[in-house]
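To start, the structure itself, in structure tokens.
The values are calculated or read from the model by the stated rules, or taken from the named source; none is laboratory data. Because the structure is a prediction, the values reported are computed rather than measured. Every residue, glycine among them, receives a Cβ derived from its backbone with ideal geometry; neighbour counts consider all protein chains shown.
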Amino acid sequence: MKRFYITTLIGAGVLFSMLFVHLKDNRKEIPEEQPMSNIPLYTNRLIHEKSPYLLQHAHNPVDWYPWGDEAFRKAQSEDKPIFLSIGYSTCHWCHVMERESFEDNDVARIMNETFVAVKIDREERPDIDGIYMTVCQMLTGSGGWPLTIIMTPDKKPFFAGTYIPKNTRSGRIGMMELIPRIAEVWNTSRTDAVTYAEDIAKSLSGTNHVYPDQEIDPTVLDEAFHYFEKNFDSEYGGFRRSPKFPTPHNLLFLLRYWKRTGSDSALKMVEKTLAAMRSGGIFDHIGFGFHRYSTDRYWILPHFEKMLYDQALLMMAYIEAFQATGNAEYAEVVNEIFTYIQRDMTDNTGGFYSAEDADSEGEEGKFYLWKEEELNRLFTPAEKEVFIKIYNISPEGNFNDEATLRKTGENIIYRVNSLSSVSNELSLSQEETKQIIEKIRRKLFSEREKRTRPYKDDKILTDWNGLMIAALAKAARVFDNESYRNSAEKAAFFLTKQLTKPNGRLYHRYREGNVNIDGHLDDYAFVVWGLLELYETTFDTRYLQQAVRLTEIQINDFWDTENSGFYFTAHSSEALLIRRKEIYDGAVPSGNSVSALNLLWLSRILGNRNMEEKARMLLNTFAGKVREFPAGYTHVLLAVDFHTGNSFEILFIGDKSDAQSRTLLNELNSIYIPNKVTLFHNKGSQIYDLSSIAEYINNYAVEKGKTIVYVCRNYTCQLPTSDPGKLRELLQNK
């Protein structure tokens with residue numbers, strides 16, 4: 001594929017080294033700043049949007065438009081390029097660029113003269129963001145947010161970048177220098193710019209290339225494992241050096257690889273990483289929940305934003321690690337994440353909010369940092385002794401100023417010593433030490449609540465809620481916890497009531513009673529995942545029926561009938577430069593990789609060979625891409641592992657409400673068996689009778705007054721049992 005570099009375009013001024021030409025002013029002058037009042041000086045069209053991110057920019061002097069026909073008509077009629085800015089509400093550098101440039105009258109004036117300015121919330125429109133982020137990576141070799149795109153009125157880009165300061169510094173071109181160069185190119189070298197944009201658009205279509213009709217095989221599992229083994233940080237956990245992202249699906253893959261092969265190395269990588277993250281500053285030890293990522297090798301200095309999807313995926317990693325090892329600390333982490341989600345991220349309707357900002361009062365991390373003198377006045381001498389020994393607190397602070405790298409006197413709270421070592425040193429029992437730590441935590445939490453909280457993005461996204469439903473349902477099943485189950489079911493009801501259309505199709509976003517934006521592939525795939533987890537937790541067939549309906553809609557609306565696989569957008573969606581078909585598993589798994597596992601799951605539950613064939617076609621469609629770098633597709637590898645390894649179908653037949661059923665289910669859920677489907681058939685029950693969904697159920701015998709379990713492995717069934725010990729033996733016997 002042809003590669004482009006931004007330095008050949010405008011950044012270095014090589015291709016378009018033009019002088020600034022004054023343009024005619026096409027809108028009224030921005031007034032001079034007036035004394036502060038409660039009335040904003042400026043209001044643009046973003047004031048009518050629901051996205052918190054767009055509303056943050058509604059009073060910029062930049063004449064922002066939301067993405068839509070009005071902006072593109074204006075660009076055509078006024079013969080202007082479009083300045084497209086994409087970000088999200090909890091993005092630190094998005095805030096920086098807004099303060100430096102979009103709130104600055106000088107920058108706003110030349111932006112309004114030169115462009116039609118369009119703002120997008122990437123979380124609302126991942127379809128658009130995905131396309132232009134690919135452009136940025138093509139042009140610059142990297143990407144990130146804020147994403148800055150300059151494009152023609154017909155949406156074809158000819159410049160891409162990320163954060164741009166007001167003025168040029170440290171080799172990074174500034175807005176005040178960049179915009180005049182863009183204006184010069186647009187007015188005097190339009191043909192070159194348009195030709196360049198056409199070339200980029202053509203190259204962009206090549207990024208969607210797939211290699212159909214190739215078989216994917218289990219060797220990719222070994223290749224991915226060897227990559228992680230080679231890049232594992234054996235001293236501090238995680239992979240490579242810095243920054244370090246949690247990427248829980250990598251850990252889920254390694255757990256399955258351990259289960260498949262018995263590799264101690266795979267399990268050790270998972271355990272080291274999970275323990276390091278829980279001890280580090282990436283975890284909020286006072287209010288719980290995980291920050292986005294660690295900027296250093298040690299998991300100490302985080303980027304402080306908190307994302308819903310990270311909480312959900314990390315819950316899954318800790319749940320499965322608990323099943324695999326029995327380590328009670330993993331169960332504690334799951335409950336701590338749940339505590340955070342219930343307290344701070346759950347709407348009274350049951351849906352889950354999207355994120356919390358890294359910044360408060362204009363400073364990143366201010367809400368989470370502590371000075372030693374604050375801590376001294378809160379603790380008794382005995383509490384302080386425990387606190388200092390467990391957490392790395394010092395008078396000069398352990399937090400560095402971003403610009404000067406000097407100590408600020410502020411401290412990030414992270415563990416440096418284990419509970420057991422501190423207990424031994426202070427001659428306390430571990431339970432006594434835990435009680436002191438919890439008392440300290442509550443004091444700090446209460447004190448912290450007096451501070452200005454980071455901004456909360458309270459929009460409710462269908463796809464991310466699907467992930468959280470899946471995590472909570474899995475947690476409810478493994479820990480036999482009714483609170484987790486209630487939370488998952490309440491959120492599922494919310495999605496059904498508020499984000500589902502009368503025709504069964506999904507919306508993508510809800511906020512303040514307003515729903516908007518048609519569902520993307522991830523919305524369907526992640527919600528189906530959540531519903532399948534809920535079915536296996538509750539055995540309420542309504543969740544299974546809903547999962548089947550949504551999967552049928554997904555196949556109808558998103559499936560590529562020519563080359564297989566799912567497009568990110570529906571056949572009826574807005575026409576963009578390309579229709580992406582994504583398989584890469586980034587911060588969240590791709591919709592295609594989740595769908596592959598969903599289809600396999602459903603095929604085994606329903607006895608539906610067509611769905612299994614769809615999964616096979618999907619995996620083979622992307623086989624070439626996966627082979628290029630298997631470690632980039634770890635959720636796909638979960639489906640490959642399921643498809644090619646030992647898998648179980650476990651059917652319970654009996655009375656769902658009796659004690660024997662509960663005993664048998666608890667026995668099952670205590671064992672780590674990632675590649676299984678579980679069904680419960682309660683003949684004659686309105687909720688638990690499966691015969692109308694999976695007709696093959698009628699072939700199995702029913703024993704009145706007794707729950708029996710059929711364990712089938714790779715389509716071969718063993719004799720049924722009602723004995724928990726025998727059930728465990730059947731499930732663990734290799």
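Of the set (1) more than 30 Å from the chain's Cα centre (by Cα); (2) buried (at least 18 other Cβ atoms within 10 Å of the Cβ), all apply to residue 73 but (2). Of all the numbered requirements in (1) touching a Ser or Thr at 6+ places or on another chain (Cβ under 8 Å); (2) at positive phi; (3) not polar (S, T, N, Q), residue 508 misses one, and that requirement is (2). Looking at region 347-371, I want the residues that are in contact (Cβ under 8 Å) with a residue 12 or more places away in the chain and have a partner that is buried (at least 21 other Cβ atoms within 10 Å of the Cβ) and among the basic types (Lys, Arg) with Cβ atoms under 8 Å, at least 6 apart or on another chain. Which pairs are those? That search, which allows pairs on different chains as well, returns 353/459; 354/459; 355/306; 356/306; 358/292. Restricting attention to region 641-655, the residues being touching an Asp or Glu at 6+ places or on another chain (Cβ under 8 Å) and either surrounded by fewer than 23 Cβ atoms within 10 Å (Cβ to Cβ) or assigned to a helix (DSSP H, G or I) (or both) number 2.
Listed conditions (1) surrounded by fewer than 18 Cβ atoms within 10 Å (Cβ to Cβ); (2) at pLDDT 95 or above are all met by residue 562, apart from (2). For region 287-326, filtering for residues that are among the β-branched types (Val, Ile, Thr) and in contact with a Lys or Arg (Cβ under 6 Å, 6 or more places away or on another chain) leaves 1.
Consider residue 260 carefully, then state whether it is under 30 Å from residue 616 (Cβ atoms), of a type in the set (Lys, Arg) and either surrounded by 21 or more Cβ atoms within 10 Å (Cβ to Cβ) or out of contact with any helix residue (DSSP H, G or I) (no Cβ under 7 Å at 6 or more places or on another chain) (or both).
For residue 260, the condition - under 30 Å from residue 616 (Cβ atoms), of a type in the set (Lys, Arg) and either surrounded by 21 or more Cβ atoms within 10 Å (Cβ to Cβ) or out of contact with any helix residue (DSSP H, G or I) (no Cβ under 7 Å at 6 or more places or on another chain) (or both) - is not met.
Checking each residue in region 688-721 for being β-branched (Val, Ile, Thr) and surrounded by 13 or more Cβ atoms within 10 Å (Cβ to Cβ) picks out 693, 697, 702, 707, 708, 709, 711, 721.
Within region 546-566, residues that are touching a residue at least 12 places away in the same chain (Cβ under 8 Å) have Cβ atoms under 7 Å from residues that are in a strand (DSSP E or B) and surrounded by fewer than 22 Cβ atoms within 10 Å (Cβ to Cβ) in these pairs: 566/559, counting only partners at least 6 apart in sequence or on another chain. Scanning region 240-296 for residues that are farther than 30 Å from residue 449 by Cβ, among the basic types (Lys, Arg) and part of a helix (DSSP H, G or I) yields 256, 259, 260, 268, 272.
Taken together, the residues in region 146-191 that are more than 24 Å from residue 73 (Cβ to Cβ), of a type in the set (D, E, K, R) and out of contact with any helix residue (DSSP H, G or I) (no Cβ under 9 Å at 6 or more places or on another chain) amount to 5.
Would you point out the residue of region 656-687, among those that are of a type outside the set (A, V, I, L, M) and assigned to a helix (DSSP H, G or I), that is surrounded by the most Cβ atoms within 10 Å (Cβ to Cβ)? My answer is 661.
Do we have any residue at all in region 191-209 that's modelled with pLDDT of 90 or more and in contact with a Gly (Cβ under 6 Å, 6 or more places away or on another chain)? Looking for residues that are modelled with pLDDT of 90 or more and in contact with a Gly (Cβ under 6 Å, 6 or more places away or on another chain), one finds none in region 191-209, hence no.
Cβ-Cβ distances below 9 Å connect the following pairs, each with a first residue in region 52-73 that is without any contact (Cβ under 8 Å) to a residue 12 or more places away in the chain, a second residue that is assigned to a loop (DSSP other than H, G, I, E, B) and surrounded by 19 or more Cβ atoms within 10 Å (Cβ to Cβ), and a separation of six or more residues or different chains: 55/49; 55/89. What's the number of the only condition in (1) farther than 30 Å from residue 208 by Cα; (2) touching a residue at least 40 places away in the same chain (Cβ under 8 Å) that residue 631 fails to meet? Exception for residue 631: condition (1).
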